[in-house]
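Report on one structure; see the data block that follows.
The values are calculated or read from the model by the stated rules, or taken from the named source; none is laboratory data. Small disclaimer: the values here were computed from a predicted structure and weren't measured. Virtual Cβ from ideal backbone geometry, glycine too; neighbours counted across all protein chains shown. Only protein heavy atoms, including side chains, enter the accessible area calculation; ligands, DNA and RNA are left aside. Shrake-Rupley method; radii C 1.70, N 1.55, O 1.52, S 1.80 Å.
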Amino acid sequence: MSRKLLTDFELMILLAVLRVSDAYGVPIAREIESTTGRSVVLGAVYAALDRLEERGFLASSVGDPTPERGGRARRYFRVTARGLRAVKDTQRALVALWSDLPELKAGGA
Amino acid sequence: MKTQHPSRLALAIFDCFVMDNEPLKGDLIEEFDIRRSQWWLWRQVIGAVVFQPRLHSLPERTDLVVLGAAVLVLLSFEAVFITNLLHHLLVGPPLPDITAYLFIRESFTAQSARLGPPASEVFRTALASMYAPLIAIAASIPTAWLISKFHQHHYAVSRGAFALSVMVCTALSLDLPFGIQLLTTFVFIVGLVMSGCVATTIDHTVDQRSIRAA
């Protein structure tokens, strides 16, 4: 099990990358916004993506430039095997913390 | 597709303060074009500046410290030079090794003598007030250009160091009205930022051309 678990935002980023087919900044941010109801700043998304790539949880590749983007290329991301392990470890830890909480059971206060 | 264009000022600020993130800029343009507002774009640009990746390695931090110190020394020198120049213009004898200044001083003294005491006082202050922003611009432009060329990956920190150094200029300004001190400081900062942005834009253009040629 990895010693360092993911922060909530990093976890959201990795899950969004897993959920979308062509994962670059815009659809990743949209996926987070639509599922969490939380507005995100693209700069923060890219900062997290860079951090996760440095840690080996993501790999990126650059696409072709397009005129809609002012001649700039997209940077696509995919989760690596190491990143997938980190997601599963974090999930296990969170599920363990969430389980058997009387306050969260049905009818609890 | 929208007919409204993304704010050029916002994108220029992005180019100045965000290092090497063309995909992010492309995302902003793409998203703006589909469904977003100028307000959204500005929020994203400010966020991009704030959420830049942090520096982790010691050599980069050392580099920044050296850069900051060099900027302070350079601008302190300029501040002392500007202050001495203005002080001698208003009160003291001319600096012997600046022949251009001697020409200005002689012309200024002759004008003052013709006007008489109260008017000459106003004339001296007006002349110094006119020169102060011009000297600030002349000092800020090459400084910002040089620093931007040498430290292409530390835009925001470089400009932050310049802004702090400008306080030295303001503090050392003598015998000028407070409003002129503020104006000089403002002009100095504007000169630094504008010059740095021009240097950045030229660097990006050269890089793009190199990539295309390769």
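Each row is one residue, and each column tells you yes or no for (1) open to solvent by less than 50 Å² (accessible area, probe 1.4 Å); (2) more than 7 Å from chain A (Cβ to nearest Cβ).
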residue: B:S7; (1), (2): yes, yes
residue: B:A12; (1), (2): yes, yes
residue: B:E22; (1), (2): no, no
residue: B:D27; (1), (2): yes, no
residue: B:E30; (1), (2): yes, no
residue: B:S37; (1), (2): no, yes
residue: B:V45; (1), (2): yes, yes
residue: B:A48; (1), (2): yes, no
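In the range A:43-63, the qualifying residues are those that are assigned to a helix (DSSP H, G or I) and touching a residue at least 24 places away in the same chain (Cβ under 8 Å), and the one that is nearest to the other protein chains (Cβ to nearest Cβ) is A:A44. Note on the range A:14-32: residues that are closer than 17 Å to B:Q44 by Cβ and within 13 Å of chain B (Cβ to nearest Cβ) total 7. Against the condition within 13 Å of another protein chain (Cβ to nearest Cβ), part of a helix (DSSP H, G or I) and either closer than 14 Å to B:Q44 by Cβ or touching a residue at least 24 places away in the same chain (Cβ under 8 Å) (or both), how does A:V40 come out, does it pass? Criteria not met by A:V40. Out of A:T66, A:T35, one residue alone is of a type in the set (S, T, Y), within 14 Å of chain B (Cβ to nearest Cβ) and surrounded by 12 or more Cβ atoms within 10 Å (Cβ to Cβ). It is A:T66.
Would you be able to say whether some residue in the range A:69-92 is more than 17 Å from A:T7 (Cβ to Cβ) and acidic (D, E)? No, the range A:69-92 contains no residue that is more than 17 Å from A:T7 (Cβ to Cβ) and acidic (D, E).
Of all the residues in the range A:26-37, those that are at positive phi and part of a helix (DSSP H, G or I) number 0.
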